Amino acid sequence: MIRHCALLAAVPLLVCAASLTQPPSEPHTLHIQINHSDGSYSIGMPGSGAYAFTSGVAAEVNGRWLHAADYPQHRVQESNTSGYLGPATDWRVICSGLTDQPDLIYDLRAYQNHPLGDIQVRVHNTTGKKIDVEAIRSVEATGNLNLGGPNLKDRVLSDSFSEDRPAMRLHDFADASMHLAVGSQLIYNRQSRQSLFLGALTSNRFLAILRLKLDANHHFSGYQVDSTGTTEMEKENSLRHSPAEDQIQLKLPIDPGASISSEQMLIGLSEDYHTQLEAYGSLIRKIDLARVSAPPLMGWWSWTAYYFGLNTGMALTNAEWEAEHLKPFGYTLFHIDEGYQYARGEYITPNATMFPHGVAPVEYKIHGLGLTSGIWTAPFEISLRSWVYQHHQDWLVKNAKGQPIPLGHVSNQKDQLYALDTTNPGAQQYLRKTYSTLVNDWGIRYIKLDFMDDSSIEGYHYTPNTTALQAQRIGLKIIREAVGNSVYLDKDGSPMLNPVGLVDYGRISQDTGHSFEASKSAAPGIAARYYMNRNFFVDDPDAFTVSKQTIPDRSWHNRKAPELLNDAEVSIALAAVSGGMFEIGDNLPSLMHSPKRLGLIENRDLIDMVRLGHASLPVDLMSYSPEDQQPSIFLLKESKRQNILTVFNWTDAEREHTIKLSTLSLPATAKYIVTEVLNKSTLPVHSGALTVRQPRHSVRVLKIVDADIPEAAPAVEIVDQPSNARTGATTKFSARSESSQPILSYVWDFGDGVKQKGHEVSHAYTEPGDYDVKLTAVGLSGLEAKKNFHVHVSGSISTRFNPQEIKRYR
């Protein structure tokens, strides 16, 4: 018996091994076939009699893999349902009848109006005794993978365990015997332009690991998607040199009659991989309640400027320089990175060698300069030197012998590290005290959370059978509760999906530094994860560097000679295309005598790219030419009239691109004015195309203006416009754009001498009266839209002592 459903966009696919007659289906959708004989499913194109792949499901139970085909019975239930994307058809396949083994049940859902579906597998314990589940497999494909062209034309984008473990790279199909991914994987055929995407929609308990396998002749040999523990990945990271007793394989006990489910996986097939990625990102935003309203913070950080060498004097000098020279351009974040603290795991105990009077007085001065105070932490790492390790080893994740599991060292085999057990009540109180002190006593408003990848190890917790990712979520929820909703949290080293909904920012690339090589290495992550911006969180592309500064005693991401101006331009342009955070990683006073380099930081067009808050589209993400080595062309549609095209040359030779404007969805016959953002020169358009020539290791940032469209100010709509307010009461005001013209900033004048910036603000009037509120919305090119309205404020503030109305703060 066969089941069909409209699912995905048109793709020629491979004929299934069990070729069966199929009825016609709606155009531009795919169908799904369920095979009753072995419980497998096939995803393919209606009318073609062909499939991209055929797959079963499986689970590892009590150390043995159970496959759908092993079961003698496969029952299929089909129903109409509604899911994340609206109407859908759901197939529930129940694999049962295997002696002394649990049932395998999977739900495969296909959306009727979108080229997407999702799958989740459940292990139901029908054995009458407790079982252990190690992994649940939602995709187990063999035979062939057909995306309409030869597999050797496939290009694979595999997301990694964290943003830089391993460093993000795109690979052609034959480059490896296995393409290993965590969280998501995109497979694109450069001949047919068809793509297969799979991505985890949830991170409730397991890590989603995807394995695209090749045989010795570079032919497809299998595809697996497992929901499992982190140990497979940690063996390449913090547990790389650990003994077997510390490399603990996840086993979750399931009682008789109980069930456990895999993470839910999205599946898509189409001819538009950008739309696939963006649809995935929007689903994550919806399902995981992502925090995406934070501003794209601009400012300075200490790490690539000083690494472990920052002290009180240098911190204050850089803060004063930023406040005087850069604050008018919007740079207000002052972020002190690692080195201020006594030890990892002891973040509210300052390093007295570098900060003899503590860090809090420095933060007070930074705040007094009108800057936003930021600080670095590694929340779940505990070092040998820390108070926690010295006094409370019971707060650490342990092996079966009850011994804390070592994770490696802080640096150069110095100061052993361990993982905090976030399920332990004592450890939870330590987190609350640490982060509430940073916020309430030190005045911190931005906190980086680092090395959560290294500390996400499977082990024995205070609360039994807690997985590594569950433990991380528990810890992050405690931190969020401790700091409140008004403090920004930034996910640094971490699995990409697990912190979503709890953090405001997220690192998307490996570390940058003072070299072109560092920028080139960071670029694939920024390109590949562009769709995460304002879907998972606001992207953090790491800091850019533009000065001539060198760091003699460090070789990591540095070189002895200063960055060339071309290198500096590449670094800052790469940060700008992310559409996220914009942090300077230089010793700021060193820019005083480099006007061209300082001019990069002050460049209004680059700043506007950031303030707009949208990631540039990596046009050639999967289709880049072999000569370019990696994606190099980015497009930012700022308005109907204006676009920013950024073209990198990652190669060691001069490079030329001829780019047809029609391929950028720009009218070929329009009259364009093309200006170089970095040097203000112009570039001609010939026959609807741009020819971009550039030297090695360089970038061209081009502002493309359609001169046929007149320049226009934005239109602003006031959403929360109170006409009445009470004296002393906090009143909300908010606005938004009501046109295609973007608004880069909102300035509110409340009529009582107070002004605030932001699309959503709050204000309390101190006296009754009538006030004229003025809103100024600033768009591209500094064009403004203004709106005024009237607020009547009434009532008075009681000044009497009334103890029965006084509430205790908790």
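The values are calculated or read from the model by the stated rules, or taken from the named source; none is laboratory data. Here the structure is a predicted model, which is why all the values come from computation and not from measurement. For neighbour counting, all protein chains shown are included, and Cβ atoms are generated from backbone atoms with ideal geometry for every residue, glycine included. To get the accessible areas, we keep the full protein, side chains included, count just its heavy atoms, and leave off ligands, DNA and RNA. Shrake-Rupley method; radii C 1.70, N 1.55, O 1.52, S 1.80 Å.
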### Message
For segment 167-194, give me the residue count where each residue is among the aromatic types (Phe, Trp, Tyr) and open to solvent by 10 Å² or more (accessible area, probe 1.4 Å).
### Response
1
### Query
Out of segment 12-41, which residues are at pLDDT 95 or above, in contact with a strand residue (DSSP E or B) (Cβ under 6 Å, 6 or more places away or on another chain) and hydroxyl-bearing (Ser, Thr, Tyr)?
Ser40, Tyr41
### Query
In this structure, does Ala343 turn out to be among the hydrophobic types (A, V, I, L, M, F, W, C) and under 29 Å from Gly580 (Cα atoms)?
no
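Looking only at segment 330-365, count how many residues are among the aromatic types (Phe, Trp, Tyr), open to solvent by 50 Å² or more (accessible area, probe 1.4 Å) and more than 16 Å from Phe308 (Cα to Cα). Talk me through it step by step, then tell me what you get.
Kept after step one, since they are among the aromatic types (Phe, Trp, Tyr), are these residues of segment 330-365: 331, 334, 340, 342, 347, 355, 364.
So of that shortlist, the ones also open to solvent by 50 Å² or more (accessible area, probe 1.4 Å) come out as 342, 364.
Then drop every residue that is not more than 16 Å from Phe308 (Cα to Cα), which leaves 364.
Residues in segment 330-365 being among the aromatic types (Phe, Trp, Tyr), open to solvent by 50 Å² or more (accessible area, probe 1.4 Å) and more than 16 Å from Phe308 (Cα to Cα): 1 in total.
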### Summary
Note on segment 418-438: residues β-branched (Val, Ile, Thr) and either buried (at least 19 other Cβ atoms within 10 Å of the Cβ) or closer than 18 Å to Tyr389 by Cα (or both) are Thr422, Thr423, Thr434
### Query
What number of residues within segment 291-319 satisfy the criterion of being open to solvent by 20 Å² or more (accessible area, probe 1.4 Å) and either within 17 Å of Phe355 (Cα to Cα) or hydrophobic (A, V, I, L, M, F, W, C) (or both)?
11
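Pick out, from segment 398-469, the strands (runs of 3 or more DSSP E) lying fully within it that include 1 or more residues that are more than 30 Å from Pro295 (Cα to Cα) and among the β-branched types (Val, Ile, Thr). Walk me through it before giving the result.
Details: elements: 406-411, 414-419, 446-449.
Answer list for segment 398-469: 406-411.
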### Extreme residue, farthest from the chain's Cα centre (by Cα), among residues of segment 207-232 that are buried (at least 24 other Cβ atoms within 10 Å of the Cβ) and not in a strand (DSSP E or B)
Gly229
### Query
Conditions: (1) open to solvent by less than 10 Å² (accessible area, probe 1.4 Å); (2) within 28 Å of the chain's Cα centre (by Cα). Asp450 meets all but one. Number of the miss?
(1)
### Query
Any idea which residue in segment 766-780 is surrounded by the fewest Cβ atoms within 10 Å (Cβ to Cβ), counting only those that are of a type outside the set (S, T, N, Q) and under 42 Å from the mean Cα position of the chain (by Cα)?
Asp772
### Scan of segment 63-80 for residues that are within 35 Å of the chain's Cα centre (by Cα) and surrounded by 13 or more Cβ atoms within 10 Å (Cβ to Cβ), ordered by number
Trp65, Leu66, His67, Ala68
### Task
Select from segment 636-658 the residues that are open to solvent by 10 Å² or more (accessible area, probe 1.4 Å), in contact with a strand residue (DSSP E or B) (Cβ under 8 Å, 6 or more places away or on another chain) and under 25 Å from Asp172 (Cα atoms) and list them in ascending order.
Glu654, Arg655, Glu656, His657, Thr658
### Message
Pairs please, first residue from segment 132-145 and free of Cβ contacts under 8 Å to residues at least 12 places away in the same chain and closer than 18 Å to Glu263 by Cα, second anywhere and β-branched (Val, Ile, Thr) and open to solvent by 10 Å² or more (accessible area, probe 1.4 Å), Cβ atoms under 6 Å, 6+ apart in sequence or on different chains.
### Response
none
### Message
Every residue in segment 91-104 that is over 15 Å from Ile43 (Cβ atoms) and either open to solvent by 10 Å² or more (accessible area, probe 1.4 Å) or among the aromatic types (Phe, Trp, Tyr) (or both), please.
### Response
Arg92, Ile94, Ser96, Gly97, Leu98, Thr99, Asp100, Gln101, Asp103
## Note on the structure
Those residues of segment 233-261 which are farther than 26 Å from Arg165 by Cβ, buried (at least 18 other Cβ atoms within 10 Å of the Cβ) and among the hydroxyl-bearing types (Ser, Thr, Tyr) amount to Ser261
### Message
Please go through segment 589-602 and give me each residue that is open to solvent by 20 Å² or more (accessible area, probe 1.4 Å) and either in contact with a strand residue (DSSP E or B) (Cβ under 8 Å, 6 or more places away or on another chain) or more than 18 Å from Trp301 (Cα to Cα) (or both), ordered by number.
### Response
His593, Pro595, Lys596, Gly599
### Task
Would you please name the residue that is most open to solvent (accessible area, probe 1.4 Å), looking only at residues in segment 367-388 that are outside any strand (DSSP E or B), under 19 Å from Trp300 (Cα atoms) and in contact with an Asp or Glu (Cβ under 9 Å, 6 or more places away or on another chain)?
Leu369
### Message
Considering only residues that are among the charged types (D, E, K, R), surrounded by 14 or more Cβ atoms within 10 Å (Cβ to Cβ) and touching a residue at least 40 places away in the same chain (Cβ under 8 Å), which ones fall in segment 720-759?
### Response
Arg726
### Query
Taking His335 and the conditions (1) in a helix (DSSP H, G or I); (2) touching a helix residue (DSSP H, G or I) at 6+ places or on another chain (Cβ under 9 Å); (3) touching a residue at least 60 places away in the same chain (Cβ under 8 Å), which numbered condition does it fall short on, given that it satisfies the others?
(1)
### Query
Can you name every residue in segment 536-562 that is surrounded by fewer than 24 Cβ atoms within 10 Å (Cβ to Cβ) and closer than 24 Å to Ser158 by Cβ?
His557
### Query
Quick one: would you say Glu60 is over 34 Å from the mean Cα position of the chain (by Cα) and of a type in the set (D, E, K, R)?
no
### Message
Return the residues of segment 403-417 that are without any contact (Cβ under 8 Å) to a residue 60 or more places away in the chain and open to solvent by less than 20 Å² (accessible area, probe 1.4 Å); say none if nothing qualifies.
### Response
none
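Looking only at residues in segment 233-272 that are among the acidic types (Asp, Glu) and in a loop (DSSP other than H, G, I, E, B), which one is nearest to the chain's Cα centre (by Cα)? Talk me through it step by step, then tell me what you get.
Filtering segment 233-272 for residues among the acidic types (Asp, Glu) gives 234, 236, 245-246, 255, 263, 271-272.
Within this subset, residues satisfying the condition of being in a loop (DSSP other than H, G, I, E, B) are 236, 255, 263, 271-272.
Values: Glu236: 22, Asp255: 36, Glu263: 18, Glu271: 24, Asp272: 21 Å.
Looking at the filtered set, the residue picked out is Glu263.
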### Query
Restricted to segment 665-684, and to residues that are farther than 14 Å from Val701 by Cα and crowded, with 17+ Cβ neighbours inside 10 Å, which residue is nearest to the chain's Cα centre (by Cα)?
Leu666
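Taking the stated definitions as given, is Ala400 under 18 Å from Glu245 (Cβ atoms), in contact with a strand residue (DSSP E or B) (Cβ under 8 Å, 6 or more places away or on another chain) and open to solvent by 70 Å² or more (accessible area, probe 1.4 Å)?
On the way: under 18 Å from Glu245 (Cβ atoms): yes; in contact with a strand residue (DSSP E or B) (Cβ under 8 Å, 6 or more places away or on another chain): yes; open to solvent by 70 Å² or more (accessible area, probe 1.4 Å): yes.
Here the answer is yes, as Ala400 does meet what is asked.
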### Summary
Reported set for segment 614-635 where residues are closer than 17 Å to Ser521 by Cα and not in a loop (DSSP other than H, G, I, E, B) is Pro618, Pro626, Glu627, Asp628, Ile633, Phe634
